[in-house]
Amino acid sequence: MVDKSKLLSSLGLKDINQGSSTGYQWLNSSGKISDVFSPVDGNKISSIIETDEDTYEKIIEAASSAYISWRKVPAPKRGEIVRQIGNELRENKDSLGQLVSYEMGKSLQEGLGEVQEMIDICDFSVGLSRQLYGLTMHSERPNHRMYEQWHPLGIVGIISAFNFPVAVWSWNAMIAIVCGNVCIWKPSEKTPLSAIATQNIISKVLKENKIEGVLNLVLDCQNQLVGKKIASDSRVSLVSATGSTRMGKSVAEVVGKRLGKTLLELGGNNAMIITENADLNIAIRGAVFGAIGTAGQRCTTTRRLIIHESIYDKFKDLLIKAYAQIKIGDPLDEKNHMGPLIDKHAVKLYLDAIVKVKKEGGKTIIDGGILDGESFSSGCYVKPAIYEVENKFSVVKEETFAPILYLIKYSSLEDAINIQNDVPQGLSSAIMTTKISEAEEFLSSSGSDCGIANVNIGTSGAEIGGAFGGEKETGGGRESGSDSWKAYMRRQTNTINYSDDLPLAQGIKFDF
């Protein structure tokens with residue numbers, strides 16, 4: 001087993017930790033002291049000192065000052081800093097992955113995988129630092145050149161969620177800083193220690209390169225004051241917020257009032273369509289991992305299985321057999337597939353959803369409930385549950401951050417796609433089929449309405465090379481790969497007249 005005391009020490013964590021940093025310097029805030037507990041065993045891990053208003057102001061001023069010089073650093077030189085950060089993360093992958101697992105409750109393999117995502121996005125961003133391309137257009141006026149270029153925005157505020165306590169920050173921060181921005185990170189109040197540990201890891205690079213004010217950290221665990229200040233602060237040019245739809249709407253309203261920019265990655269209610277032409281061996285693996293990975297606390301968790309009527313009973317039996325093999329317990333023990341929910345509030349929401357689905361007429365396939373016993377002493381361990389439902393049930397339209405899987409029967413592919421799309425969220429989707437016409441229909445304009453649509457892989461486990469995000473109540477934002485970098489920059493169109501005349505566009509004459 002992991003020596004937790006040694007783990008915390010290796011990541012620079014103490015009994016009480018400052019939560020306010022401008023890079024490699026930690027500021028002495030007079031904010032509240034909050035204790036951090038693990039959902040794994042219910043034990044206190046450590047304590048943190050929250051960012052007070054005066055310290056927040058100091059960090060904003062440090063970021064504003066740093067931006068003036070950081071934006072002038074050539075992008076490949078900014079990429080070199082990111083390369084060094086990636087190397088430090090490689091050196092600390094095991095320890096940071098273990099802390100993520102212990103503080104958040106996801107399996108150790110998923111904790112290590114999350115840190116690997118951070119490393120991967122660093123590699124991606126290093127390459128990106130030499131590829132911030134613009135376009136050249138032909139002008140309608142003679143002896144004119146027209147093109148566009150991209151400039152940094154300024155301060156990027158990053159509000160991240162507990163389920164990916166460090167990876168989401170890296171998706172945003174590494175791309176944002178190679179684009180010439182500076183960042184202020186407000187991590188989830190439920191997983192602050194992983195953020196402090198990350199700041200400790202990168203501080204070595206920042207100190208060696210004398211970079212202060214570019215990657216900043218603020219913490220707020222009790223009253224959400226700092227998150228609200230970031231949203232309302234006109235000095236923060238872009239607010240990237242990951243979390244619930246409710247939270248995203250609140251952030252969007254506040255930022256919108258000051259005409260700031262937002263990048264929202266919010267809730268998901270993801271479905272997998274399993275056709276009569278599916279490879280069931282692939283489908284069952286994708287469905288089970290999608291439903292119980294991270295204990296159902298991924299925004300890309302598979303929450304609905306839409307199964308063709310001809311294979312419905314057979315696939316249901318496969319699910320029952322697979323669920324019987326799921327091992328639940330301490331996520332730091334690699335033989336376990338699923339750990340706890342993040343806290344007892346999450347457990348309550350899980351139980352409320354089960355009551356609601358039964359009240360609406362859902363049929364129990366595998367019933368849920370709280371696990372008890374010495375191994376589950378934190379009270380946060382629950383059973384993965386499966387219910388037969390109709391898509392019209394109100395509970396099916398909602399995102400419950402827990403391992404609850406809904407089964408829905410369909411007869412035609414058109415019906416299946418309509419069922420999948422008939423929810424407010426639009427993040428991830430998948431179809432399991434060996435028939436190319438079904439796959440292409442699913443990926444067409446009349447198919448999935450989600451930002452992510454997969455064929456023969458599950459709804460979760462996206463790679464960093466593709467743009468990540470979704471439509472409708474998922475928020476419309478895109479993070480990570482492809483050309484998502486454009487969200488962190490402002491576009492500028494430039495026209496240069498190199499003639500000795502001044503012709504006007506659209507043939508307008510203006511003589512005097």
- Query: Tell me, which residue of the stretch 221-243 that is modelled with pLDDT under 95 and polar (S, T, N, Q) is nearest to residue 57 (Cα to Cα)?
  - Reply: 224
- What strands (runs of 3 or more DSSP E) lie completely within the stretch 117-179 and have 3 or more residues being touching a strand residue (DSSP E or B) at 6+ places or on another chain (Cβ under 6 Å) and exposed (fewer than 15 other Cβ atoms within 10 Å of the Cβ)? 135-138, 144-152
- Task: Give the residue that is surrounded by the fewest Cβ atoms within 10 Å (Cβ to Cβ), with candidates limited to residues of the stretch 439-454 that are of a type in the set (Gly, Ala, Ser) and touching a residue at least 12 places away in the same chain (Cβ under 8 Å).
- Result: 446
- Task: For residues that are assigned to a loop (DSSP other than H, G, I, E, B) and not hydroxyl-bearing (Ser, Thr, Tyr), scanning just the stretch 180-202, find the one that is farthest from residue 51 (Cα to Cα).
- Result: 180
- Name the one entry in 218, 251, 205 that is closer than 30 Å to residue 87 by Cα, surrounded by 24 or more Cβ atoms within 10 Å (Cβ to Cβ) and modelled with pLDDT of 95 or more. 218
- Please name all residue pairs, on different chains or six or more residues apart, with Cβ atoms under 7 Å, provided the first residue is in the stretch 484-510 and is without any contact (Cβ under 8 Å) to a residue 60 or more places away in the chain and the second residue is surrounded by fewer than 11 Cβ atoms within 10 Å (Cβ to Cβ). 510/504
- Message: Between a residue in the stretch 227-250 that is in contact (Cβ under 8 Å) with a residue 60 or more places away in the chain and any residue that is open to solvent by 40 Å² or more (accessible area, probe 1.4 Å) and polar (S, T, N, Q), which pairs come within a Cβ distance under 7 Å, given they are 6 or more apart or on different chains?
- Response: 235/64; 239/262; 241/262
- Qualifying residue in the stretch 376-383 (condition: of a type in the set (Lys, Arg), open to solvent by 10 Å² or more (accessible area, probe 1.4 Å), touching a Leu at 6+ places or on another chain (Cβ under 8 Å) and modelled with pLDDT of 95 or more): yes
- Item | Failed criterion for residue 42 (all others in (1) out of contact with any helix residue (DSSP H, G or I) (no Cβ under 7 Å at 6 or more places or on another chain); (2) buried (at least 19 other Cβ atoms within 10 Å of the Cβ); (3) of a type outside the set (S, T, N, Q) hold) | (2)
- Query: With 83, 90, 78 as the choices, which residue is at pLDDT 95 or above, closer than 21 Å to residue 153 by Cβ, in contact with a helix residue (DSSP H, G or I) (Cβ under 8 Å, 6 or more places away or on another chain) and among the basic types (Lys, Arg)?
  - Reply: 78
- The residue from 416, 487 that alone is open to solvent by less than 30 Å² (accessible area, probe 1.4 Å) and modelled with pLDDT of 95 or more is 416
- Note on the stretch 49-100: residues of a type in the set (Val, Ile, Thr), closer than 19 Å to residue 174 by Cβ and crowded, with 22+ Cβ neighbours inside 10 Å are 81, 82, 85, 100
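Okay, residues lined up against (1) assigned to a helix (DSSP H, G or I); (2) in contact with a Lys or Arg (Cβ under 8 Å, 6 or more places away or on another chain); (3) at negative phi; (4) buried (at least 23 other Cβ atoms within 10 Å of the Cβ):
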| residue | (1), (2), (3), (4) |
| --- | --- |
| 264 | no, no, yes, yes |
| 267 | no, no, yes, yes |
| 276 | no, no, yes, no |
| 295 | yes, yes, no, yes |
| 315 | yes, no, yes, no |
| 326 | no, no, yes, no |
- Out of (1) over 30 Å from residue 363 (Cβ atoms); (2) of a type in the set (Gly, Ala, Ser); (3) within 27 Å of the chain's Cα centre (by Cα); (4) not in a helix (DSSP H, G or I), the odd one out for residue 499 is which? (3)
- Message: Can you pull out every residue in the stretch 203-256 that is part of a strand (DSSP E or B) and under 19 Å from residue 187 (Cβ atoms)?
- Response: 215, 216, 217, 236, 238, 239, 240, 241, 242
- Task: Sort out which residues of the stretch 92-138 are acidic (Asp, Glu) and over 13 Å from residue 198 (Cβ atoms), and write them in order of number.
- Result: 94, 110, 120, 123
- Query: Would a scan of the stretch 455-475 turn up a residue that is open to solvent by 20 Å² or more (accessible area, probe 1.4 Å), among the β-branched types (Val, Ile, Thr) and in contact with a Leu (Cβ under 9 Å, 6 or more places away or on another chain)?
  - Reply: yes
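The values are calculated or read from the model by the stated rules, or taken from the named source; none is laboratory data. A quick note: this is a predicted structure, and the numbers were derived from the prediction, not measured. All Cβ positions, glycine included, derive from the backbone under ideal geometry; neighbour counts span all protein chains shown. Only protein heavy atoms, including side chains, enter the accessible area calculation; ligands, DNA and RNA are left aside. Shrake-Rupley method; radii C 1.70, N 1.55, O 1.52, S 1.80 Å.
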